[in-house]
1. Taking strands (runs of 3 or more DSSP E) that do not extend beyond the stretch 1-45, which have at least 1 residues that are under 17 Å from THR104 (Cβ atoms) and modelled with pLDDT of 90 or more?
2. Of everything in the stretch 14-36, what is among the polar types (S, T, N, Q), open to solvent by 20 Å² or more (accessible area, probe 1.4 Å) and under 21 Å from TRP125 (Cβ atoms)? Give them in sequence order.
3. Restricting attention to the stretch 99-145, which residues are under 15 Å from the mean Cα position of the chain (by Cα) and among the hydroxyl-bearing types (Ser, Thr, Tyr)?
4. Only one residue in LYS144, LYS171, LYS120 is within 23 Å of PRO82 (Cβ to Cβ) and not aliphatic (A, V, I, L, M), so which one is that?
5. If you take the residues in the stretch 46-56 that are at pLDDT 80 or above and farther than 20 Å from GLN123 by Cα, which one is surrounded by the most Cβ atoms within 10 Å (Cβ to Cβ)?
Amino acid sequence: MCYFTNVSSELGVDLRILWNTAEICNQDQNGYIVQHMRITNPFDFIGNLSEYTEYFEAWLVKGGRIIFDSKHKEKFDDEWSPIPEYVILDFKDRILSVQNPCVTYYASVYWIPAGTEEFKDIQNWEAITSLPSKELPAAFEYKKDISKYHICDRHYTWDYKNNIIPYLEKKPNKNCLQSNS
């Protein structure tokens, strides 16, 4: 089964997806898609993540559709973006000075149906804007065993030394202004 679809990113290094709710739940079902995130990031000098960050985030599903607040304008449901592309080359020397210049995102994904005790717990989560989850309901920990709701895992590693920096150094800068003379 394919629980999510990758969506192309104009930035090139971000990983964006759309949840395939038809595969996750029935069309008329309500619940939460919960993602247990574990991120390793050796670049504590960039962004708001520490060397290891762990949290849970949740997407509300009503009638088989993801429900966002009215401020959500994106054409994707989730985005993994460990270091903003526009600062990577500015920090190139510091990034390359790190012994293992890789960021890894690992997520376990769960379907929590409405009417369960776990669903009621998640309804009380609030956004933690300092996390990458931004406006999504989130929690730093959740003690209940939700393994029976597990549907898939997601994993991605950004290798800045061997992949990201060489890619960006070759990429034409679309943000440069060109004169018409």
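The values are calculated or read from the model by the stated rules, or taken from the named source; none is laboratory data. These numbers were taken from a predicted model, which means no experiment stands behind them. Virtual Cβ from ideal backbone geometry, glycine too; neighbours counted across all protein chains shown. The protein model used for the area step is the full one, side chains on, heavy atoms only, and it has no ligands, DNA or RNA in it. Shrake-Rupley method; radii C 1.70, N 1.55, O 1.52, S 1.80 Å.
1. Here the list reads 31-40.
2. Just the residues of the stretch 14-36 that are among the polar types (S, T, N, Q), to begin with: 20-21, 26-27, 29-30, 35.
Add one more test, that the residue is open to solvent by 20 Å² or more (accessible area, probe 1.4 Å), and what stays is 20-21, 26-27, 29-30.
If the condition is that a residue be among the polar types (S, T, N, Q), open to solvent by 20 Å² or more (accessible area, probe 1.4 Å) and under 21 Å from TRP125 (Cβ atoms), then THR21, GLN29, ASN30 are the ones that fit.
3. THR104, TYR105, TYR106, SER108, TYR110, THR129, SER130, SER133 - these are the residues of the stretch 99-145 that are under 15 Å from the mean Cα position of the chain (by Cα) and among the hydroxyl-bearing types (Ser, Thr, Tyr).
4. Values: LYS144 fails: within 23 Å of PRO82 (Cβ to Cβ); LYS120 fails: within 23 Å of PRO82 (Cβ to Cβ).
The conditions single out LYS171.
5. Among residues in the stretch 46-56 that are at pLDDT 80 or above and farther than 20 Å from GLN123 by Cα, the one surrounded by the most Cβ atoms within 10 Å (Cβ to Cβ) is THR53.
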